[in-house]
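Derivation of every value follows stated rules applied to the coordinates shown; laboratory data play no part. Since this is a predicted model, take the numbers as computed values, not measurements. Don't worry about glycine lacking a Cβ; one is built from the backbone with ideal geometry, like all the others, and counts go over all protein chains shown.
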């Protein structure tokens, strides 16, 4: 199956590292003009130096107005990947008033999806050419994980926001889907899950017996963005080796 993004402009948030960085490079290799968004100028500069057809925008997505201005400056967008995220872990009993600042950051993560998408979608509707959006969620949206109280709640909310987006934007030929990975072996993922006492209980619940590689998530996102997935809308796609299905 040949997938091409020639003549497509794709905006990817959280593109300075990890999944977002790998995705931006893959899309550029498939012919897309990529708009890479991150709050890390260093990450964006190195990404642009490595790959052609990439425009970079450095902005803190927690700033509502600055974000809208920055995304509008990107010009017309055909596809959007909301990948930027923040994670902090605490158990249910440890969620206290002093944790509200961390919970607020989770709220910002979700709000940024709505904020960025609103700006991009307004342009899609005006041009009447449709489009595709993929939101990066998690298996934690559908499975209770210890010490993930706020994280699970935030990702569960993102799934539902995505479904409503799919419902309301579908008549404009704009598709909205989620991918829901298990632990992904980014540099941070390898560091965070390197200890057997932490990793083994999770691995025991994954029928394939391993965590996801970055390219395996990128493959799914690229497919959902592409015209090959033209009738797929409103799904939450697990990339978890069977964790949620067994």
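Using 0.36 nm times the number of residues separating residue 202 and residue 232, minus their current alpha carbon distance, what extension gain do you get?
Values: separation 30, 0.36 × 30 = 10.80 nm, distance 2.96 nm.
Value of the extension gain: 7.8 nm.
Between residue 118 and residue 210, what length comes free when the chain is fully extended (0.36 nm per residue of separation minus the Cα-Cα distance, one decimal in nm)?
Length gained between residue 118 and residue 210: 29.5 nm.
What's the exposure ranking of 165, 202, 231, going from fewest to most Cβ atoms within 10 Å? Display every interim value, and only then the final one.
Values: 165 24, 202 15, 231 6.
The order, fewest Cβ neighbours first, is 231, 202, 165.
Using only the Cα atoms of the chain, each taken as one equal point scatterer with no solvent, compute I(q) by the Debye sum, divide by I(0), and report log10 of the ratio at q = 0.14 Å⁻¹.
Calculated log10 I(q)/I(0) at the listed q: -0.92.
Taking all pairs of distinct Cα atoms, average 1/r, flip it, and tell me the Kirkwood hydrodynamic radius of the range 1-101 in Å to one decimal place.
14.6
Taking 35 Å as R0, compute the FRET efficiency from the Cβ-Cβ separation of residue 96 and residue 246 and round it to 0.05.
The formula returns an efficiency of 0.50 here.
Sort out for me the Cα centre separation of the range 8-63 from the range 183-199, rounded to whole Å.
First find each Cα centre; the distance between them is then 24 Å.
What angle, in degrees between 0 and 90 and rounded to the nearest 10, separates the Cα long axis of helix 214-225 from the longest principal axis of the Cα atoms of the chain?
40
Relative to the longest principal axis of the C-alpha atoms of the chain, give the angle of the C-alpha long axis of helix 18-29, reported between 0 and 90° and rounded to the nearest 10°.
Approximately 30 degrees, to the nearest ten.
Alpha carbons only, please: Rg and Dmax for the range 127-199, in angstrom.
15.7, 52
When only alpha-carbon atoms count, how far does the range 140-246 stretch along each of its three principal axes, as whole angstroms with the largest first?
Principal extents (largest minus smallest coordinate, Cα): 48, 28, 26 Å.
Fewest to most neighbouring Cβ within 10 Å: what's the order for 110, 127, 175?
The order, fewest Cβ neighbours first, is 127, 110, 175.
Going by alpha carbons, how many degrees (0 to 90, nearest 10) lie between the helix axis of 41-50 and the longest principal axis of the chain?
Computed tilt is about 60 degrees.
Below 8 Å between Cα atoms, with a sequence gap of 6+, how large is the relative contact order for the range 9-239 in percent?
Relative contact order, the range 9-239: 19 percent.
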